[in-house]
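These notes concern the structure reproduced below.
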Amino acid sequence: MAHILIVEDDAGLSHGIELSLQGEGHRMTLCAAAAQARQAFAREPVDLVLLDIGLPDQSGIALCRALREQSDVPILFLTANDTEICEVAALESGGDDFLAKPFSLAVLRARVAALLRRGMRAKTPGVYQSGGLRFDFESMSFSKNGAQIALSRTEQRILRLLVENRGRTLSREMLLDRVWDGGAFVEENALSVAVRRLRSKLEDDPRHPRRIETVYGIGYVWREDAP
């Protein structure tokens with residue numbers, strides 16, 4: 001199940017898209033303006049953005065550029081302006097695809113599926129190496145300075161989520177939901193304990209972590225640029 005951010009000020013179209021994509025098992029967040037979309041994007045990870053160009057508070061082109069400064073999430077532009085100039089501007093701003101209104105919902109679903117497949121291939125890190133750490137997420141083999149590290153299934157899931165979203169803060173709620181498949185019957189302290197164990201295996205000094213940083217009151221972030 002993918003999390004799709006729909007940024008569209010036409011409420012009727014937005015809800016129509018939501019109903020169509022819910023049939024594919026996806027979860028949607030609907031935003032009618034750029035400012036609202038920025039808040040939603042910062043709140044939790046997004047797998048795909050459907051972005052209208054003509055937003056009431058800011059151009060979708062400008063919003064796309066802003067999102068590209070912090071993420072390579074797939075972005076599909078939706079617009080009533082199907083001129084070549086508009087399409088070029090959308091793609092040059094960092095968009096991955098362009099769909100002119102009115103469009104078939106079947107075509108939209110096909111484009112969404114293609115972008116999600118592409119995004120998953122790009123997001124999956126495969127082998128991640130940095131500062132003596134080496135994580136092979138395909139074989140689930142982990143090492144530090146050449147020495148193998150044994151991680152529990154829970155620690156593996158937390159590490160993968162953090163590395164896949166490196167540089168972005170993941171909320172405690174999101175981690176509980178993704179790591180424990182809903183997290184409804186898991187004590188919140190379980191996440192703190194698991195992160196502490198993970199730090200003890202990866203960090204030289206778990207009391208002063210360089211990689212898994214606590215963002216107080218929110219969650220955790222993997223620091224790519226740690227010394």
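Annotations for the structure displayed:
Per-residue answers, yes or no, for (1) closer than 30 Å to Asp52 by Cβ; (2) surrounded by fewer than 16 Cβ atoms within 10 Å (Cβ to Cβ):
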| site | (1), (2) |
| --- | --- |
| Gly132 | no, yes |
| Glu155 | no, no |
| Arg160 | no, no |
| Arg178 | yes, no |
| Glu188 | no, yes |
| Glu203 | no, no |
| Pro206 | no, yes |
| Arg211 | no, no |
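- Filter result (touching a Gly at 6+ places or on another chain (Cβ under 8 Å) and within 25 Å of Glu44 (Cα to Cα)) within the range 73-108: Val73, Pro74, Ile75, Leu76, Phe77, Ala90
- Which numbered condition Arg118 misses (of (1) out of contact with any Asp or Glu (no Cβ under 6 Å at 6 or more places or on another chain); (2) within 19 Å of Ser71 (Cβ to Cβ); (3) open to solvent by less than 80 Å² (accessible area, probe 1.4 Å); (4) in a helix (DSSP H, G or I)): (3)
- Residue check for Arg65: free of Cβ contacts under 8 Å to residues at least 60 places away in the same chain and surrounded by fewer than 15 Cβ atoms within 10 Å (Cβ to Cβ): yes
- Scanning the range 27-62 for residues that are open to solvent by 70 Å² or more (accessible area, probe 1.4 Å), charged (D, E, K, R) and farther than 25 Å from Leu161 by Cα yields a total of 1.
- Filtered by the rule that a residue be under 23 Å from Arg109 (Cα atoms) and of a type in the set (Gly, Ala, Ser), the range 35-89 gives Ala37, Ala40, Gly54, Gly60, Ser71, Ala80.
The values are calculated or read from the model by the stated rules, or taken from the named source; none is laboratory data. These numbers come from a predicted model, not from an experiment. Using ideal geometry, Cβ is built from the backbone for each residue, glycine included, and neighbour counts are taken over all protein chains shown. Side chains included, ligands, DNA and RNA excluded: accessible areas come from the protein's heavy atoms. Shrake-Rupley method; radii C 1.70, N 1.55, O 1.52, S 1.80 Å.
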